[in-house]
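Every number here is computed from the coordinates shown, using simple stated rules; none is lab data. What you see is a predicted model; the values in this text were computed from it and never measured. Because the Cβ atoms are built from the backbone with ideal geometry, glycine has one as well, and the counts that use them run over all protein chains shown.
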Amino acid sequence: MLWLMLSGCILLYSGMFFLSGFFSGKNNWDSLKVTLALLAVGGALLMLSMASFMSILELAGFLTFFLSYLFLVPAVSYYKKYRVLMNRIWLSDEEQMEKERAWNASCAFFCLFVIGIIAGFLLLFQALAI
C-alpha cells in the first residue's frame with residue numbers, strides 16, 4: 001500500500017514538474033526529460049509494491065526530503081525576477097506576461113518543494129512505524 005502511495009506521489013510530482021515547464025516558458029524538452037525520468041522511477045516503485053524493505057523506505061524518505069530542497073533554487077530565482085518586474089511602474093504587455101509567468105513558476109516550484117517535504121516526512125515516519 002505504501003509503495004503505491006509513494007509511486008503515486010512521484011507520478012504526481014512528475015506531472016507538476018511537467019506543468020511547471022509550461023509556466024516557466026522554457027524549452028519544454030527539458031521538462032519532458034525530467035518528467036520521463038520521474039515517470040520511470042514511479043513505474044519502478046509500482047513494481048516494488050509487494051516488497052516492504054524498511055531500509056529502502058527510510059532511504060526513500062531521506063532522499064525525498066532532502067532532494068525537495070532543490071526546488072527552492074528555481075522558486076527563489078523566479079521570485080526575484082517577479083520582484084524586479086513588480087517594482088516597475090509601467091509594464092508592456094510582454095513584460096506583464098513575463099511577470100505572471102515568473103509568479104506562476106515560483107508558486108509551482110514552491111508547491112513542489114512543500115509536497116516533497118511532506119512526502120519525505122510521511123515516508124520516514126512510515127518506515128519508523130513498521
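Can you tell me which residue in segment 108-130 is farthest from LEU70 (Cα to Cα), limited to those that are surrounded by fewer than 17 Cβ atoms within 10 Å (Cβ to Cβ) and in contact with a Phe, Trp or Tyr (Cβ under 8 Å, 6 or more places away or on another chain)?
The selected residue is PHE121.
Can we say ARG88 is outside any helix (DSSP H, G or I), of a type in the set (D, E, K, R) and either under 30 Å from LEU128 (Cα atoms) or touching a helix residue (DSSP H, G or I) at 6+ places or on another chain (Cβ under 9 Å) (or both)?
Here the answer is yes, as ARG88 does meet what is asked.
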